[in-house]
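The values are calculated or read from the model by the stated rules, or taken from the named source; none is laboratory data. The shown structure was predicted, so the numbers you read here are calculated from the model rather than taken from an experiment. A quick note on method: Cβ atoms are made from the backbone with ideal geometry, for glycine too, and the neighbour counts reach across all protein chains shown. These accessible areas exclude ligands, DNA and RNA; they are computed on the full protein's heavy atoms, side chains included. Shrake-Rupley method; radii C 1.70, N 1.55, O 1.52, S 1.80 Å.
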Amino acid sequence: MKIVIDTSEAIAQKAAEKYVELLDAKPDAVLGLATGSTPLGLYAELAKLCARGKITFAKAHSFNLDEYMGLEGTHDQSYRYFMNENLFSHVDMRIEETHVPSGVDVTEQTAADYDKLIEQAGGIDLQLLGIGNNGHIGFNEPNTPFGSKTHIVELTDSTRQANKRFFNSLEEVPTHAVTMGISTVMHAKSIILMAIGAGKAQCIKDTVEGPVTEAVPASVLQLHPDCTVYLDYEAASLLGK
Ligand code: GLP
């Protein structure tokens, strides 16, 4: 793992550079995208670069990590809505080339079809990840098998509590989600993991310095040949201690 530690603004810019390099070299790259508050700075940076003509997504394809079950793409807490609002409507990506798993009528078959779609697109070139407080990536909660493909998950109480800030009440937070599996993520050619804030310091320490274990899903990234971890000073504050 390569670790980059800087301010949250600087890591957003440095991560954006990776996209400039990738899309310069491969305009039709397949991007694995993520939701959450962490990538917002990066997405704003990509929108700025696109407006200035420094990057184009015109030929790119994207696949998002996950989606809440039971939410239509028009629901303001769905991840499809989040992506449209925070990235797709600000860059020149063709909306029909953006994929977010559907949160409605989900079956194990539709989940498996998502993996097939990724394969047919040639596989993910660069996968972006945030991290949950308990070390989850996508919605792969602790003890998800490393061999998992896209699948349906029951969210843990801690994840529902953490995400309730976006809903009116805990009851409204979906109990299930569909997520790329750990194996789906590990198949990406390159991976970026971003974390911001002191609340992520412990899971980042466990991810980077702890044993590779299914109890900390993100620790599997130690085994990936090309993974860069971008941390602000707070998220990095427990490293080496
Ligand atoms: C959700 C998403 C994850 C994300 C995590 C952290 O649970 N499914 O993909 O990494 O939240 O979110 P945040 O960046 O807001 O801390």
Please list, short to long, the whole-number percent of alpha-carbon pairs of the stretch 1-129 in consecutive 5 angstrom bins beginning at zero. 2, 10, 20, 24, 20, 14, 7, 3, 0
Accessible-area value, Met1, 1.4 Å probe, nucleic acids and ligands omitted, Å²: 80 Å²
Under the span-like rule (Cα at least 20 Å along the axis, Kyte-Doolittle mean at least -1.0), DSSP H helices of the chain: 8-25
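Could I get the Rg over Rh figure for the stretch 142-241? Both from C-alpha atoms, Rh via Kirkwood, rounded to two places.
Working: Rg = 14.6 Å, Rh = 14.8 Å.
A ratio of 0.98.
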Taking the simple approach of a point 7 Å from Cα along Cα-to-Cβ for both Gln202 and Asp226, what is their distance in nm? 3.5 nm
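Any idea what diffusion coefficient the stretch 98-160 gets from Stokes-Einstein, in µm²/s, Kirkwood Rh on alpha carbon pairs, 25 °C, 0.890 mPa s?
Details: Rh = 13.2 Å.
Taking Rh from Cα pairs, D becomes 186 µm²/s.
What 222 nm value per residue comes from the helices of the chain, counting each DSSP H run with n ≥ 4 as -39,500 (n - 2.57) and dividing by all residues, nearest 500 deg cm²/dmol? Before the final figure, lay out the partial values.
Working: 7 runs with 72 residues, N = 241.
When only DSSP H runs of four or more count, the value is -9000 deg cm²/dmol.
Using the alpha carbons of the stretch 2-232, what is the convex hull volume per residue in cubic angstrom, as a whole number? Let's see the in-between values first.
On the way: hull volume 25.9 nm³, N = 231.
Convex hull of Cα atoms, per residue: 112 Å³.
Report the net charge of residues surrounding Leu22, where surrounding means a beta-carbon distance below 14 angstrom and charges are Lys +1, Arg +1, Asp -1, Glu -1.
Numbers: positive: Lys14, Lys18, Lys26, Lys54, Lys59, Lys189; negative: Glu17, Glu21, Asp24, Asp28, Asp125, Asp226.
Summing Lys and Arg as +1 and Asp and Glu as -1 gives 0.
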Selected from Leu49, His136, Tyr68, residue furthest toward positive end of dipole (the chain; charges at beta carbon): Leu49
Could you pull out the GluC sites (Glu not before Pro) across the stretch 17-70 that fall in loop regions by DSSP (anything but H, G, I, E, B) with no more than 11 other Cβ atoms inside 10 Å? none
Shape metrics for the stretch 1-64, restricted to C-alpha atoms - Rg then Dmax, Å: 11.8, 32
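Under a Cβ-Cβ cut-off of 9 Å, what is the net charge of the residues other than Gly197 that fall near it, where Lys and Arg count +1 and Asp and Glu count -1?
On the way: positive: Lys200; negative: Asp232, Glu234.
My count for the surroundings of Gly197 gives -1.
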